Amino acid sequence: MEVVILSGSKPIAALAADAIGALLQRKPDAVLGLATGSSPLPVYNELALRHERDGLDFGQVRGFALDEYVGLPSGHPESYREVVRREFTERVNIDPANVLGPDGSAADVPAACRSFEDALRRAGGVDLQLLGVGTDGHIGFNEPGSSLASRTRIKTLIEQTRRDNARFFGSLSKVPHHVLTQGLGTILEARHVILIATGAQKAQAVRDLVEGPVAAICPASVLQLHPHATVLLDEAAASSLRLADYYRHSYENKPSWQGL
Ligand code: GLP
């Protein structure tokens, strides 16, 4: 796991966009794993800018969403399908037909989860997965207690997550209780994972995921098992890390040929 501590959201977004740009250079039809929440938004802004300004081309890219609320009517502005479209895919030249998420309105939920996993497999798997992290250490919507080997399935949200996400819905009562999410086993199969965390409210989750034991109580800690996981942090999110100075030192002295 590589931990990179930067001064704020802008340099974090630039670095993540550099990694995505380099991937598209060598693989124009790459599969991107798309996260929602606030953390990846600066990356989407930066990619939209590079598309406009530099012609960064997403024409052959495929996109797979991480998760989705269950039971929101189609077109609901807070459904992740809509968020991904509004914040990213409609701002670049990704073909909407090449963007897929778990179907939270399906009558047969297990079948919808299976068909999402099948589509992911047919696409050849995720090349680069963007992730945020919940204040309770969840990734996607894999709440504490999630199986470290889990696949896409239904989960029940912890109240802390519903409260954290109430800001998007205007009131807590409107936040669904159920969600579909790629499993931790699914996420581990992405070839490169970039997790972004900013702000002091993430410091404990970051400490647990980077330096705690690998344990279902902090689902993001499963990334310690991933051979290519990058964690991009601002100073506040990194403020509880024991080895912060070592991570800074390693990044400052990183061989220039290495990339992210
Ligand atoms: C939601 C999403 C996660 C996201 C988390 C943190 O629960 N399902 O994918 O990482 O929120 O969101 P934020 O980045 O807004 O703090």
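Rundown of residues vs (1) closer than 18 Å to Thr161 by Cβ; (2) modelled with pLDDT of 95 or more; (3) touching a helix residue (DSSP H, G or I) at 6+ places or on another chain (Cβ under 7 Å), yes/no style:
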position: Thr36; (1), (2), (3): yes, yes, yes
position: Pro40; (1), (2), (3): yes, yes, no
position: Glu46; (1), (2), (3): no, yes, yes
position: Gly63; (1), (2), (3): no, yes, yes
position: Asp67; (1), (2), (3): yes, yes, yes
position: Gly75; (1), (2), (3): no, no, yes
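Where residues in region 22-41 are of a type in the set (Gly, Ala, Ser) and either within 16 Å of Phe64 (Cβ to Cβ) or in a loop (DSSP other than H, G, I, E, B) (or both), which of them is nearest to the chain's Cα centre (by Cα)?
Ala35
For Ala238, indicate whether it is outside any strand (DSSP E or B) and within 12 Å of the ligand (Cβ to nearest atom).
For Ala238, the condition - outside any strand (DSSP E or B) and within 12 Å of the ligand (Cβ to nearest atom) - is not met.
Mind listing whichever residues of region 210-232 are within 23 Å of Ala17 (Cα to Cα) and aliphatic (A, V, I, L, M)?
Val210, Ala220, Leu223, Ala229, Val231, Leu232
Out of Glu46, Glu90, Glu78, I need the residue that is more than 18 Å from Gln182 (Cβ to Cβ), crowded, with 22+ Cβ neighbours inside 10 Å and not basic (Lys, Arg). Which one?
Glu46
Please name all residue pairs, on different chains or six or more residues apart, with Cβ atoms under 6 Å, provided the first residue is in region 51-75 and is closer than 13 Å to Thr152 by Cα and the second residue is away from the ligand (no atom under 16 Å from the Cβ) and in a helix (DSSP H, G or I).
Phe64/Leu120
List every residue pair whose Cβ atoms sit under 7 Å apart, with the two residues 6 or more apart in sequence or on different chains, where the first one lies in region 135-154 and is in contact (Cβ under 8 Å) with a residue 40 or more places away in the chain and the second, anywhere, is away from the ligand (no atom under 14 Å from the Cβ) and of a type in the set (Asp, Glu).
If the second residue must be away from the ligand (no atom under 14 Å from the Cβ) and of a type in the set (Asp, Glu), the pairs left are Gly137/Asp208; Thr152/Glu117.
So is Ala112 in contact (Cβ under 8 Å) with a residue 24 or more places away in the chain, surrounded by fewer than 16 Cβ atoms within 10 Å (Cβ to Cβ), on the phi < 0 side of the Ramachandran plot and more than 14 Å from the ligand (Cβ to nearest atom) or not?
No, not satisfied.
Give region 153-167 a look and list any residue that's farther than 25 Å from Ala112 by Cα and of a type outside the set (Asp, Glu), or say none.
Result: Gln160, Arg163, Ala166, Arg167.
Quick test for you: out of Leu209, Leu260, pick the one residue that is surrounded by 12 or more Cβ atoms within 10 Å (Cβ to Cβ), at pLDDT below 95, within 23 Å of Leu130 (Cβ to Cβ) and of a type outside the set (Lys, Arg).
Result: Leu260 is the single residue among Leu209, Leu260 that is surrounded by 12 or more Cβ atoms within 10 Å (Cβ to Cβ), at pLDDT below 95, within 23 Å of Leu130 (Cβ to Cβ) and of a type outside the set (Lys, Arg).
Quickly run through region 42-77 and pick out the residues that are assigned to a helix (DSSP H, G or I), more than 18 Å from the chain's Cα centre (by Cα) and either more than 21 Å from His192 (Cβ to Cβ) or of a type in the set (A, V, I, L, M) (or both).
Leu49, Glu52, Arg53, Asp54 - these are the residues of region 42-77 that are assigned to a helix (DSSP H, G or I), more than 18 Å from the chain's Cα centre (by Cα) and either more than 21 Å from His192 (Cβ to Cβ) or of a type in the set (A, V, I, L, M) (or both).
Residues in region 200-214: is at least one closer than 23 Å to Ser7 by Cβ, within 9 Å of the ligand (Cβ to nearest atom) and in contact with a Gly (Cβ under 9 Å, 6 or more places away or on another chain)?
Yes: region 200-214 contains one or more residues that are closer than 23 Å to Ser7 by Cβ, within 9 Å of the ligand (Cβ to nearest atom) and in contact with a Gly (Cβ under 9 Å, 6 or more places away or on another chain).
Is it true that some residue in region 119-141 is assigned to a helix (DSSP H, G or I), crowded, with 16+ Cβ neighbours inside 10 Å, away from the ligand (no atom under 13 Å from the Cβ) and not aromatic (Phe, Trp, Tyr)?
Yes, there is a match, as at least one residue in region 119-141 is assigned to a helix (DSSP H, G or I), crowded, with 16+ Cβ neighbours inside 10 Å, away from the ligand (no atom under 13 Å from the Cβ) and not aromatic (Phe, Trp, Tyr).
Collect the residues in region 158-179 that are outside any helix (DSSP H, G or I) and under 17 Å from the mean Cα position of the chain (by Cα), keeping them in residue-number order.
Val179
The values are calculated or read from the model by the stated rules, or taken from the named source; none is laboratory data. This one's a predicted model, so the numbers in the text were calculated from it and none came from an experiment. Because the Cβ atoms are built from the backbone with ideal geometry, glycine has one as well, and the counts that use them run over all protein chains shown.
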